[in-house]
Amino acid sequence: RRGPTLTKRRALPPAADVEVEAADACRRRTEAFVARVLVGLRQCPFTASPREAGVGLEEFDVHGAPILYAHSRSTKAPRLVSDVWSTIGEFLANGEAAYSSVLLTAPAFDEDLETWVEAVFPLLEESLVAARVSRDVGIVCFHPRYETPSEKWLATHRFG
């Protein structure tokens, strides 16, 4: 019979880059995107302004509330997922009256669409399923280099 095994954990190297765009600059760009695309082009009829979303859903007992803006300086997918879950925790803890939605920026991944599509987004989506909150929280991603994935990729993923 084997006894318990102790494992030694090594500290992860820093995964935040000082070169990554600052949170306030990202928030300004994201608010401008929301105003221009989600509101101005009516890509999301439930977003009233860069500050409020969840509007027009009163018949489903959903009421407008502020958008929670968050930011991650992480340059590695696992740390980014951790940042996302910290934000989801805040979102869920405060309830529907506090926030309608979350817009989290991760500028370190702006130039790396392949990692975003093949690692980050599947990690985020599957973590919701594993945590059994996929009916309460949905992940929608906007990437500056996004293109619709191939039919082959979409056939093996339930998102895209």
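The values are calculated or read from the model by the stated rules, or taken from the named source; none is laboratory data. Just so it is clear, the model here is predicted, and its values are computed rather than measured. In this analysis, Cβ positions are derived from the backbone assuming ideal geometry, glycine residues included, and neighbour counts consider all displayed protein chains. We work out accessible area using only protein heavy atoms, side chains counted, and drop any ligands, DNA or RNA first. Shrake-Rupley method; radii C 1.70, N 1.55, O 1.52, S 1.80 Å.
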Seminar exercise, completed: antiparallel share of DSSP beta bridges within the range 12-122, to nearest 5, in %, is 45
For this session: Heavy atoms only, probe 1.4 Å: what % of the accessible area of the range 42-160 goes to carbon and sulfur, would you let me know?
Result: 51
Problem set entry | Point-charge dipole on Cβ atoms (K/R +1, D/E -1) for the range 39-85, about Cα centre, debye to 20 | 480
Seminar exercise, completed: Note, the range 128-135: 3J(HN,Hα) by Karplus (6.51, -1.76, 1.60, θ = phi - 60°), whole Hz, Gly/Pro = x, goes 5, 5, 4, 7, 6, 10, 5, 8
For this session: Write down the accessible area per residue of the range 45-160 in Å², having rolled a 1.4 Å probe over the full set of protein chains.
Result: 62
Exercise. Given H placed 1.01 Å from N in the peptide plane, which residues other than close sequence neighbours of L68 have an amide H under 5 Å from its amide H?
Worked result: S100, S101, V102, L103
Problem set entry | Charge dipole magnitude, Cβ of K and R +1, D and E -1 - the range 21-160, Cα centre, debye nearest 20 | 180
